[in-house]
Every structure is written in structure tokens, then in C-alpha cells.
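Report on the structure given below.
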Amino acid sequence: MFYTGSPSVAKHVLAEAAKNLTPVALELGGETGNWCIVRKDADLKDAARKIAFFKICNAGQICININQIAVAKEVADEFLCELKREFVRQIGEKPEDNPEYPKLITTGAYEKCEKLAAEHSDRIIFGGTGNKSTCRFSPTIIYPVDINEDIVQKELFCPILPVVPFEDNDIDTIAEIIAEREHPLAMYVFTSDKKWAKSFMSAQQFGGGCINEVCIHMMVKGVPFNGTGHSGMGAYHGEWGFREFTHPTTVLKGKTHMNLSLREHPYSGKAGERKMSFLKVFEK
């Protein structure tokens with residue numbers, strides 16, 4: 001059985017499947033969303049360009065999309081200027097009126113964006129506008145956001161983008177907080193410190209991710225796409241999907257003559273001594 005959707009529904013799917021011992025593959029968004037970390041040594045223009053592209057993509061309604069950004073305070077202002085510039089360059093100053101900009105899936109999804117924007121209106125530094133008749137809501141940056149606020153402890157699945165500032169030399173604290181929360185489906189980091197990036201990605205638990213890139217990891221041929229914990233279980237894409245939804249069976253064909261008696265009793269007497277000496281040779 002394969003299910004993709006929310007962790008809350010997945011729990012019921014898994015419970016029902018367990019009654020019949022039915023194998024299940026789950027691909028979920030994760031309850032606390034996918035993090036993107038921008039360190040002070042990152043190429044800020046490159047990071048902003050890629051992040052803006054991805055957040056515009058389907059108006060954020062993608063399970064591996066960036067849910068929130070943690071950016072080093074030392075470069076936060078510069079990065080946010082670049083990010084706003086990229087949103088405008090890529091989708092225009094009024095994306096809610098741009099037919100190229102994707103719609104939200106339902107009126108309810110649009111109203112959720114309105115509600116989040118209203119709750120954080122004093123910290124909206126970009127966007128915050130929408131067109132209910134077309135069900136489009138602009139990419140919206142909320143800054144600054146504390147890492148313990150509710151908006152960064154749930155999956156948003158929309159174009160709202162909260163940004164959490166942190167001291168770059170305190171990155172370990174941010175990493176610990178992220179690790180303590182439910183495992184995301186995706187993780188993204190932007191930095192020129194390859195050693196740190198490798199260490200960070202090795203220490204965290206998540207479905208898949210990128211260093212200095214977004215979303216491309218799921219397009220690599222021959223590798224699995226999956227989540228872990230609250231972001232899913234199992235794997236699919238290509239051969240991995242075939243393995244996930246098939247059961248390998250081992251069948252051995254035996255012979256009816258020239259069978260060794262080593263596995264059979266008795267192990268006493270001279271015959272048994274010979275068997276034991278042979279077994280000791282095989283053990284070596």
C-alpha cells in the first residue's frame with residue numbers, strides 16, 4: 001500500500017494496514033516542515049535565486065518545498081534584499097495577478113494564507129497580498145521569526161515564508177533544535193563550508209536534501225525518494241519503487257543423491273569424531 005499526504009492521516013492508514021499486516025510506504029511532508037539554512041559564508045545571490053524559484057514553484061504546495069529559512073544575522077539584511085529582488089524578477093511585483101503564477105488548490109488554502117498574513121502583519125517585509133477571485137496569494141516573507149514560534153513548528157504548504165535569524169557561530173544550537181523536532185522530508189543548506197555541510201547533513205535525519213541547491217536531489221536517476229519518521233517510510237522512484245512493492249522470495253533446489261551426512265546425528269563414536277573433525281575444518 002502507498003499513501004502520500006499528511007502525517008495525521010498516515011497514522012490511521014498505518015493502523016488499518018497493521019490489522020492485516022499489509023506493508024505500507026508513506027511519503028509525507030513532515031509535521032514541522034522542511035528547513036533551509038543560509039550561513040554567512042553562502043553565495044547569497046545564488047541562494048536567493050534558487051530559494052525564490054522553489055517557493056514560487058506551485059506556490060509552495062510541494063511536499064519537499066522550503067517551509068522556513070534560518071539565516072545568519074550577519075548577512076540577513078543582504079540576503080533578504082536579494083530574495084525580494086529575485087521574487088520580483090521571477091514573478092513580477094504583483095504575482096497574484098500574474099497568470100504564470102500558480103493558484104492555491106482551494107479557497108480554504110487561500111484563507112489560510114490570509115489568516116497567517118494577518119497574524120504576522122507587523123513582520124511582513126514582502127508580499128502579504130492576494131487575489132481571492134483567482135485564488136492566488138503572493139510569496140510572503142515574514143521576518144524576524146523566533147525559532148520557537150508556532151509558524152515554524154508546522155507544515156505550511158503555501159507561499160508563506162517565515163525567516164528565523166541566528167548568530168552564525170551559534171549554528172550548533174539551531175542544528176540541535178531542528179534535530180529534536182519531527183524529521184522533515186527535505187533539508188537544504190547554503191554554505192561554502194563543505195566540511196560543515198557534510199557533517200550537518202550526516203548528523204540530521206530527513207528524507208533527502210541538497211547542499212547549495214534545492215529540490216534537484218529527487219531528480220537524480222537511480223536514487224531513492226523517501227522520508228523518515230513523521231515524513232514517511234519506505235522508498236520509491238525507479239528500481240527502488242519496484243523493490244518497495246514486490247516481495248523477493250528465496251527458493252533452493254536440493255539434490256536427491258550424494259548428500260553429506262555431516263548435518264545428521266549421530267556425532268558420537270568414530271563416525272561422529274570424523275564428522276566433528278570435518279566441521280572444524282569448514283569452520284576455519
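Values in this text are rule-based calculations from the coordinates and carry no lab data. Since the model is a prediction, treat every value here as computed from it, not as a measurement. Note: ideal-geometry Cβ built from the backbone for every residue, glycine included; neighbour counts use all protein chains shown.
So here's what we get for this one:
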item: Degrees between helix 44-56 axis and first principal axis of the chain (Cα, 0 to 90, nearest 10); result: 80 degrees
item: Farthest positive-ward along the chain dipole, Cα basis, beta-carbon charges - from ILE147, ALA109, THR249; result: THR249
item: For region 113-175, alpha-carbon Rg relative to the globular expectation (2.2 N^0.38 Å, N residues); result: 1.24
item: Under 14 Å from LYS50, Cα to Cα: aspartates and glutamates that are on another chain or at least 8 residues apart; result: GLU82, GLU86, GLU213
item: Nearest-ten-degree value, helix 269-283 long axis tilted from longest Cα axis of the chain; result: 30 degrees
item: Under 24 Å from the Cα of LYS255 - lysines, other chains or at least 8 residues apart; result: LYS275
item: 0 to 90° range, to nearest 10: angle between helix 107-119 axis and the chain longest Cα axis; result: 70 degrees
item: Highest average packing first - 50-58, 19-27, 246-254, 268-276, Cβ atoms within 10 Å; result: 50-58, 19-27, 268-276, 246-254
item: For region 195-201, Karplus couplings with θ = phi - 60° (6.51, -1.76, 1.60), whole Hz, Gly/Pro x; result: 5, 5, 4, 5, 5, 5, 5
item: Positive-end extreme of charge dipole, the chain - chosen from MET258, TRP35, LEU185 (charges on Cβ); result: MET258
item: When each of LYS45/LYS112; LYS55/LYS115; LYS11/LYS55; LYS73/LYS198; LYS40/LYS194 is checked by Cα-Cα distance, pairs over 24 Å; result: LYS45/LYS112; LYS11/LYS55
item: Alpha-carbon Rg/Rh ratio, for region 32-225, with Rh computed the Kirkwood way; result: 0.94
item: Contour minus Cα-Cα distance for GLU16 and GLU74 (0.36 nm per residue); result: 15.9 nm
item: Mean residue ellipticity (222 nm) of the chain, computed from DSSP H runs ≥ 4 via -39,500 (n - 2.57), nearest 500; result: -10500 deg cm²/dmol
item: Of PHE278, GLN204, GLY227, farthest towards positive along the dipole that unit charges on Lys, Arg, Asp, Glu beta carbons give the chain; result: PHE278
item: Charge dipole magnitude, Cβ of K and R +1, D and E -1 - region 153-229, Cα centre, debye nearest 20; result: 440 debye
item: Protection-proxy order for peptides 104-113, 62-71, each taking the mean of Cβ atoms within 10 Å per residue, highest first; result: 62-71, 104-113
item: Fraction of antiparallel bridges per DSSP, the chain only, in percent to nearest 5; result: 25 percent
